[in-house]
Each structure stands twice: as C-alpha cells, then as structure tokens.
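Inspection log for the structure reproduced underneath, given as structure tokens.
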Amino acid sequence: MDIIVAGCGKIGTVLIESLLSEGHDITAVDVSPEILEKTVTAFDVRGVSGSCAAYETLSEAEAEKADIFIAVTDSDELNMLSCFFARKLGAKHTVARIRKAEYNDREKNFMRDNLELSLAINPDAITARELFNMLDLPSSVKIETFSSNSFEMAELRIKPDSPLDGQRLCELREKYKCTFLVCAVQRGGDVFIPDGNFVLKSGDKIGITASPQETQKLLKSLRLTQKHTRSIMILGGSRTAYYLSKRLAGAGISVKIIEQSYSKCVELAKILPPSVPIVNGDGAEHDMLIAEGIQSTDAFVALTGMDEENILFSFFAASQNVPKIIAKVNSEGLGQIAEKLGLDCVVSPKHMMSEVIVRYARMIANAEGSHVETLYKLMDGSAEAVEFTVTSDFPAAGIPLKELSLRKNILIGGIIRGKKSIIPTGDDFIQPGDRVVVIADELHLTDLSDILQ
C-alpha cells in the first residue's frame, strides 16, 4: 500500500521501519529538511519537506493516492488538521497521534467523527494500559491477551535455577499437568519455532500460549506467582505516569509519583486524584527514595524521559529488593543490554504504537480475507503472534492439522472457538468462525491462508 508518514521523530522512524518491513511504499514528510534528509538516507524512502498541514506539501506527497496517511508530529492539533486535509484530498484512511491528557474520550470521539479520522492513538495511554496489566505479574513474566480474553501468551526468561532448564518440550505438559504450548524460544540472537524434541536451557526466553487459568497453574507450578501488588512507586511525572496513576488509583492501588520538576508536580497534582501523592525530588538521591519507601513498595516503575536513567534507577530498585521493576526504554539497543544485565521488564511506547498501526495496516491490506484481530511482536521483534478470524472461504477448514502442509517456521498456537480455548494437537481442525493464533518467525502474515504451502 501507499502510506504517508508525517513526522520523522522517534515514533515516525520506528513506524517507517516497521511498515517498510511489511512491504509498503512509504513517503516521509517533515518540516525539518535536515531530519527529512536523515530519514530518507537511512530508509531509502521518498521524502517531502514542509508542513504536513500545508496544501502544497500534501499535494507533493500525493495524499490523494495514499491508502493510509499517518500523522505523528509533536503537535496533536497539527496531526488532526493534516489528517483532515489529507482525507479531503482523497486519502483513504487517516491515523493521528493524540497525546494531550485534556482530550477525554468524548472529545476524542467527537474529533474522530468530525475530522473523519480512521484511528486516533495515544502512545502514553497505550503504554499505561500495558504497564497496568503487567504490574500484577511476576518480574520475569510478560503476558499478552488476545481479543477474546480467554487466551493469552506469556513470555518469560528461564533462570539458572528454573525447573525448566534442561527440559525437553514433549515432556513438559505431562510433568506440570497443565494445558499449554511453548511456541517460540529466543536463545541469544536466534529465534526458534520449536518442536517437541527441543530442549530448553537457562537464559532462554520462551513464549507460551494457554488460557489464563492454565497460565496461572503453570506459573504456580514453576513457583513464579507473587503476592498481589498493592503499593507502587513511579519515578518521573510523564504523561504515561499520569495515565498509569489514574488507572491504579481507580483500582484502589496505592501509588506515589517522584518528579524532579516542581512545576510538573504542581500540574500533576491538579489533574490526578487527591489520593495520589506527588513528591518533588531527584531519583538520583537514593536516600530520598529510601525515605519515600522504596524498600517497602511492591513495584517500581521508571518513566523518566531518559532511557539511561530509567535503567540505572531500576537497578537501584533491584538492589533494594523491590519485587516488581519495570523500565521505559525506547532505545532497542539499551533495552537489550538492560535485559542481558538482568532487568526483566522493559517497555517501549514507540514500539507499542508501531504494533497498533502495523496491525491496522494489515487489516486494511486484506479486508476481504481472514481478518487480523490481534498482532504482537515477540522475542524482541524477531517473531510475531497473529490472531485471525476465520472466514468461510478458508481452504483448509475442517482438515485435521496433522494433514496440513504448513510453511516453514509456522506454528498454530491456539484455536478459540466460542468461549473455548484449544491448545491444538494434530487431530484438531480449524473451522469458520474460529479465532486462530499463529506464531511465525520472520513472516508478515496478512491472511490465514498464508500459513499454507
């Protein structure tokens, strides 16, 4: 498809890279000639310099031919206005990044309807939702939920003392009396879609599909469950911190924000519930963090604007034996280093937003086929889990999986039939109306038929 990305900042460049890997034709737009030149050189895409809300810029970018126009500049208003103009010029779909907290859901719905926005995305709110879901999980576990909420994928790192170390996959389900499937393994720089003879090792990151109940049974068997998170310390008064604190306070969880800027503390105090204390302080002052209760908190979340600070503060929290630690790290390189050094939970807002838009693009690209319902990048982006809704024209419907000829590095991770979650065996089959979770290595699936040879 022809896609225009307006705004070549952190999120814009990640989007361009992700959409290029999907095979789309990209035009980059930025008001800065220097930033645009850097982007065009790095990704070998077409570039147009100028304001994305200017008629001449949109005309030069050929907005009238665009399948999707995506605006991710630093200005919410500019994003919305440029999407409106692009739509009027003929762009089929428009996507705007809208970050300001003062835009509530009613206002966003009003703007989306009247500006004809196809999709409005707030990366801070997306990140906050992800963090909220992660905070009740053990430090070594990350869980993604599929659209029915009756099926999920857990990613966890095998520790040196883990009972999984040295286990052959075909022996696991019998040993732990749980219904689950190990569907992906990352070992060093390699990712495997394993078969039953694969042997797990300490240091592996593994992806497991199961129902929520079976996931909890497995985590309990592996002694990875933890007490309910009741108190959380957030370092950094960012927009993400605002959305997360609001969610936590609404759920009755005690949350405290530490922020270095006094003016930002005042601003947060005005818009957050009175039950959320805002402390003006520097996270680099360890005595202050100790005085504020870091040693007794259930979780620590580092959300400053600096990746390096978030990593360092998280390791200090680990030294104080905080049970759950999460750091926001946008740099892929720094995130990998942090994980290798033992920091289990790292989140990246720009990559989360990229996943949402890539999923949306796939839905548009194949609107007539098996619809992409959910898309998750796994194993640091080296594999993906895609949830499809099966349509009546799927050519392999009703055929046992053991009789299907699947492409290399493809695994059927689960079948959701009504309210029933199925971890498939060779005797199971796919039928119209099912939702099917497919695990793929280095493949960009847009239709369920893509799994077949």
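Among the residues of the range 388-403, those that are on the phi < 0 side of the Ramachandran plot, assigned to a loop (DSSP other than H, G, I, E, B), free of Cβ contacts under 8 Å to residues at least 40 places away in the same chain and not charged (D, E, K, R) comprise 397, 399. Summed over the range 55-78, the residues that are under 21 Å from residue 353 (Cβ atoms), of a type in the set (Gly, Ala, Ser) and either open to solvent by 10 Å² or more (accessible area, probe 1.4 Å) or in contact with a Phe, Trp or Tyr (Cβ under 6 Å, 6 or more places away or on another chain) (or both) give a count of 1.
Filtered by the rule that a residue be among the basic types (Lys, Arg) and assigned to a loop (DSSP other than H, G, I, E, B), the range 206-238 gives 223, 227, 230. Residues in the range 343-358 that are touching a helix residue (DSSP H, G or I) at 6+ places or on another chain (Cβ under 6 Å) and among the charged types (D, E, K, R): 1 in all. Residue count for the range 24-37, restricted to those that are part of a loop (DSSP other than H, G, I, E, B) and either open to solvent by 60 Å² or more (accessible area, probe 1.4 Å) or in contact with a Pro (Cβ under 6 Å, 6 or more places away or on another chain) (or both): 1. Within the range 297-329, the set of residues being closer than 16 Å to residue 282 by Cα and of a type in the set (Val, Ile, Thr) comprises 301, 304, 311. Could you please find all residues in the range 110-154 being open to solvent by less than 20 Å² (accessible area, probe 1.4 Å), outside any loop (DSSP other than H, G, I, E, B) and more than 30 Å from residue 85 (Cα to Cα)? Matches in the range 110-154: 128, 131, 134, 141, 144, 152, 153, 154. Restricting the range 267-283 to residues that are in contact (Cβ under 8 Å) with a residue 24 or more places away in the chain and surrounded by fewer than 16 Cβ atoms within 10 Å (Cβ to Cβ) leaves a set whose member that is farthest from residue 325 (Cα to Cα) is 271.
So for the range 156-165 (the condition being closer than 25 Å to residue 194 by Cα, over 20 Å from the mean Cα position of the chain (by Cα), of a type in the set (Gly, Ala, Ser) and crowded, with 18+ Cβ neighbours inside 10 Å), does at least one residue qualify? Yes, the conditions are met somewhere in the range 156-165.
Contact map, the range 155-169: first residue at negative phi, second residue open to solvent by 60 Å² or more (accessible area, probe 1.4 Å) and of a type in the set (S, T, N, Q), Cβ cut-off under 7 Å, separation 6 or more or different chains; pairs are 168/197.
Can you pull out the residues in the range 318-330 that are open to solvent by 40 Å² or more (accessible area, probe 1.4 Å) and either aromatic (Phe, Trp, Tyr) or free of Cβ contacts under 8 Å to residues at least 60 places away in the same chain (or both)? So that I can check it myself, show each step before the final result.
Going through the range 318-330, the residues open to solvent by 40 Å² or more (accessible area, probe 1.4 Å) turn out to be 318-319, 321, 323.
318, 319, 321 - these are the residues of the range 318-330 that are open to solvent by 40 Å² or more (accessible area, probe 1.4 Å) and either aromatic (Phe, Trp, Tyr) or free of Cβ contacts under 8 Å to residues at least 60 places away in the same chain (or both).
Scan the range 239-254 for residues that are outside any helix (DSSP H, G or I) and of a type in the set (A, V, I, L, M) and the total you get is 2.
Return the only residue of 220, 264 being surrounded by fewer than 19 Cβ atoms within 10 Å (Cβ to Cβ), modelled with pLDDT of 95 or more and either of a type in the set (D, E, K, R) or more than 30 Å from residue 76 (Cα to Cα) (or both).
Values: 220 fails: modelled with pLDDT of 95 or more.
Matching residue, one of 220, 264: 264.
Determine, yes or no, whether residue 343 is closer than 30 Å to residue 224 by Cα, touching a Lys or Arg at 6+ places or on another chain (Cβ under 9 Å) and at pLDDT below 85. No.
Determine whether residue 258 is in contact (Cβ under 8 Å) with a residue 12 or more places away in the chain and surrounded by fewer than 17 Cβ atoms within 10 Å (Cβ to Cβ).
On the way: in contact (Cβ under 8 Å) with a residue 12 or more places away in the chain: yes; surrounded by fewer than 17 Cβ atoms within 10 Å (Cβ to Cβ): no.
So residue 258 does not fit the description; no.
None of 347, 356 is open to solvent by less than 10 Å² (accessible area, probe 1.4 Å) and within 14 Å of the chain's Cα centre (by Cα) except 347. When residue 172 is tested against (1) open to solvent by 10 Å² or more (accessible area, probe 1.4 Å); (2) without any contact (Cβ under 8 Å) to a residue 24 or more places away in the chain, exactly one condition is not met: (1). For the structure I just gave you, tell me whether residue 433 is surrounded by fewer than 16 Cβ atoms within 10 Å (Cβ to Cβ) and modelled with pLDDT under 80. In short, no. Checking the conditions here, which among 365, 338, 383, 361 is of a type outside the set (Asp, Glu), under 14 Å from the mean Cα position of the chain (by Cα) and closer than 29 Å to residue 12 by Cβ? On inspection, the qualifying residue turns out to be 383. In the range 179-198, the residues that are within 17 Å of residue 152 (Cα to Cα) reach residues that are acidic (Asp, Glu) with C-beta atoms within less than 8 angstrom, at least six apart or across chains, in these pairs: 179/214; 180/214; 184/441; 185/204. Condition first: surrounded by fewer than 14 Cβ atoms within 10 Å (Cβ to Cβ), among the hydroxyl-bearing types (Ser, Thr, Tyr) and more than 20 Å from residue 362 (Cα to Cα). Can you find one or more residues in the range 42-54 that meet it? No - not one qualifying residue is present in the range 42-54.
The values are calculated or read from the model by the stated rules, or taken from the named source; none is laboratory data. This one's a predicted model, so the numbers in the text were calculated from it and none came from an experiment. Cβ sites come from the backbone with ideal geometry, for glycine too, and all protein chains shown count toward neighbours. Please note that ligands, DNA and RNA were not included when accessible areas were found on the heavy atoms of the full protein model with its side chains. Shrake-Rupley method; radii C 1.70, N 1.55, O 1.52, S 1.80 Å.
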